[in-house]
Amino acid sequence: MTIENISCNKSFGGWHKQYRHQSQSLNCEMRFAIYLPPEAVNKPVPVLYWLSGLTCTDENFMQKAGAQRMAAELGMAIVAPDTSPRGDDVPDAADKAYDLGLGAGFYLNATKAPWNRHYKMYDYIVHELPALIEAHFPVTTQRAISGHSMGGHGALVIGLSNPHRYSSISAFSPISNPSNAPWGIKAFSEYLGENREHWRQYDACELLKLAISEVPVLIDQGEADSFLDTQLMPQSLVDIAHTKGYPLDVRMQPGYDHSYYFIASFIEEHLKFHSLYFKA
């Protein structure tokens, strides 16, 4: 579990750092970023895992979201992994499309060749990366998970599938029902095959229907998001949560789109939401 530091920047009294390591889950070298608040010098702190969207790396959230000030104030670490395996031997979409292959891991375990050798992002996020973080940094085993778009899908799926591992879940503009969205259908068909029964374990709507343990969920969705009706479809989650009485709060935000301007506008509220359940 060796890691190599590749950058280090002081921010709001804490430290933003980037590391690379050899991933056993993904069979390639991976990179992640971590923000450690000032409080981590004196005692272990809880961790928010952030999952980014299509085409992103570990850098987008850390550079654009403006989360460090509130994370420092709340005493919370943030870990941002890459969005897919990387490297010369890692397969990519034949046409280099943005929504499949590199930068588009969809936080699942691929079962179909050629993807199944490297595309095991679910195992990486749920098991390998937290073990690495908890072995090398002053953090507790208190975890929350959040993300944007494809990463919002990942946060919902991983959090709902592992309620014992996460105290809370949040998302911005998540792909809520990927089995019925063009992005999800394309990715699931390639990574998992055509049997839709195999897709259920990576669809937040299907998981919410079966959920027994309750993990609090906060979702923010921009009403001016151009992907709202065709790709994201949060109303599907709302309807299921209402039927079950599940603690899911979906906030529709007038005028906001799919960009990091939207994320930066509400990220502090999400950090406070997670901090509330860390303390609980």
*Restricting to the stretch 248-264, what's the tally of residues that are under 18 Å from the mean Cα position of the chain (by Cα) and polar (S, T, N, Q)?*
1
*State which residue is modelled with the highest pLDDT when the search covers only the stretch 190-211 and only residues that are in contact with a Pro (Cβ under 8 Å, 6 or more places away or on another chain) and not in a helix (DSSP H, G or I).*
Asp203
*asked:* If I go through the stretch 200-210 residue by residue, how many of them are open to solvent by less than 20 Å² (accessible area, probe 1.4 Å) and more than 18 Å from the chain's Cα centre (by Cα)?
replied: 0
*Quick one: what pairs do we get from the stretch 207-226, first residue farther than 17 Å from Ile175 by Cβ, second open to solvent by 30 Å² or more (accessible area, probe 1.4 Å) and modelled with pLDDT under 95, C-beta under 7 Å, 6+ apart or different chains?*
Glu214/Pro247; Pro216/Pro247
*What do you reckon, is Ala187 assigned to a strand (DSSP E or B) and either open to solvent by less than 10 Å² (accessible area, probe 1.4 Å) or more than 19 Å from Glu128 (Cα to Cα) (or both)?*
no
*Tell me, which residue of the stretch 233-242 that is in a helix (DSSP H, G or I) and without any contact (Cβ under 8 Å) to a residue 60 or more places away in the chain is nearest to Tyr277 (Cα to Cα)?*
Ala241
*State whether the residues of the stretch 135-142 include one that is closer than 23 Å to Ala211 by Cα and out of contact with any Cys (no Cβ under 6 Å at 6 or more places or on another chain).*
yes
*Counting just the residues of the stretch 122-162 that are of a type outside the set (Ser, Thr, Tyr), open to solvent by 30 Å² or more (accessible area, probe 1.4 Å) and more than 15 Å from the chain's Cα centre (by Cα), which one comes out nearest to Leu192 (Cα to Cα)?*
Ala131
_Take the conditions under 30 Å from Pro37 (Cβ atoms), open to solvent by 50 Å² or more (accessible area, probe 1.4 Å) and touching a residue at least 12 places away in the same chain (Cβ under 8 Å) and apply them to Tyr260. Does it pass?_
no
*Are there any strands (runs of 3 or more DSSP E) wholly within the stretch 1-86 with 3 or more residues that are open to solvent by 10 Å² or more (accessible area, probe 1.4 Å), and if so which?*
4-11, 14-23, 28-36
*asked:* Quick check on my filter: what residues within the stretch 163-183 are assigned to a loop (DSSP other than H, G, I, E, B), over 19 Å from Pro81 (Cα atoms) and either open to solvent by less than 10 Å² (accessible area, probe 1.4 Å) or among the charged types (D, E, K, R) (or both)?
replied: Ser176, Ala181
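The values are calculated or read from the model by the stated rules, or taken from the named source; none is laboratory data. Since we're looking at a predicted model, the values are computed, not measured. We place every Cβ from the backbone using ideal geometry, glycine too, and count neighbours over all the protein chains shown. The area values use the complete protein model at the heavy-atom level, side chains included, leaving out ligands, DNA and RNA. Shrake-Rupley method; radii C 1.70, N 1.55, O 1.52, S 1.80 Å.
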